[in-house]
Amino acid sequence: MANPWQLLLQAIGGLLALFYQFIPNYGVAIILLTLTISVLLFPMTLKQTRSMRAMQELQPEVKRLQRELKGDREELNRRLMELYQERGVNPAAGCLPLLLQMPIWFALFSVLRSGSGIPESSALAHAVAPAREALEAGKALTDPVFAAVEFLGMNLLAAPSQAFSSLGIVATVPYLLLVGVIVAAGYYQQIQTMRTRDDEGQQSQAMQSMQGAMKIMPVFFGFISWTLPAGLGLYFATSNLFRIGQQAVILRLDEDEGGSGGAKAKPTKPEGGEDDHDRPAGPSPHAKKKRKRRKRR
């Protein structure tokens, strides 16, 4: 029976080599690989975006249940689960695409660092192997042998931290910009999907905690991108930017359909149960009685 990890390495390495064969540029091949993976994960992205938006729409009802069942934790959890099931919301769906991509990150790291999964007879293997050997031998990053793995002024086999220590801050600017794009695009994704309602108090404590945790993720990815090969950082940046476009399309489609779940929001009515259109024009009968009393006085 084939090892799943080896199959994943071969799939990523084979796709990377295939793209490099058509467009012999290491950075472009990584970008095309990223776009392919993002398209394959689109169903999960769709589910994540809609679930997170639906969770926000449910916050007023969640808050009401928390007030009513403050002293009964078990009943509160039961009612919340019923509410989620009724509206078709999965609170854990927001983390699913992230979890699914983790094996891909580790596999891509292995492919970029050691060439695992790349067919030995491919043009990519012949182009990248000398650069990888030179990096392991400690050659200067300015050596011409690294030309095959350079993209936008970056050596995609080297980490930004490694480039900073050997090249200085000026030559590290492309790496710094890459890390900046990763962090900024990650934050913008949170703004897209975690927009709060006008009244912040309508959010449940769980929702606020989830938002706090999600805000840490862009910083975390920026930190690890500083210490990992720039090729993996290119994957993160491309994936984040592509997901921003995906989420914009999803949210626009949902708004056109009348809401995050496709269901149109019902117009709110005042507490008396009447719309403004249902109220009679002119002063109310109660106001007329008050005027008559004033005239008698």
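Quick test of your reading of the structure: residue 153 fulfils all but one of (1) within 24 Å of residue 101 (Cα to Cα); (2) modelled with pLDDT of 90 or more. Name the failing condition by number.
(1)
Report yes if some residue within segment 61-72 is touching a helix residue (DSSP H, G or I) at 6+ places or on another chain (Cβ under 9 Å), more than 15 Å from residue 243 (Cβ to Cβ), surrounded by fewer than 12 Cβ atoms within 10 Å (Cβ to Cβ) and not acidic (Asp, Glu); otherwise report no.
yes
Residue 70 versus (1) farther than 20 Å from residue 9 by Cβ; (2) in a helix (DSSP H, G or I); (3) of a type outside the set (Val, Ile, Thr): which is the lone unmet condition?
Failed condition: (2).
Just name the residue that is farthest from residue 86 (Cα to Cα) out of those in segment 9-31 that are buried (at least 19 other Cβ atoms within 10 Å of the Cβ) and among the hydrophobic types (A, V, I, L, M, F, W, C).
The qualifying residue farthest from residue 86 (Cα to Cα) is 17.
Can you tell me which residue within segment 87-141, out of those that are of a type in the set (Val, Ile, Thr) and modelled with pLDDT of 90 or more, is farthest from residue 162 (Cα to Cα)?
118
Conditions tested, residue by residue: (1) at pLDDT 90 or above; (2) under 26 Å from the mean Cα position of the chain (by Cα); (3) in a helix (DSSP H, G or I).
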residue	(1), (2), (3)
2	no, no, no
24	yes, no, no
34	yes, yes, yes
55	no, yes, yes
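Residue under question is residue 18, and the condition is that it be touching a helix residue (DSSP H, G or I) at 6+ places or on another chain (Cβ under 9 Å) and modelled with pLDDT of 90 or more; does it hold?
Against the criterion (touching a helix residue (DSSP H, G or I) at 6+ places or on another chain (Cβ under 9 Å) and modelled with pLDDT of 90 or more), residue 18 qualifies.
The values are calculated or read from the model by the stated rules, or taken from the named source; none is laboratory data. The model shown is predicted, which means the values in this text are computed figures rather than measured ones. Virtual Cβ from ideal backbone geometry, glycine too; neighbours counted across all protein chains shown.
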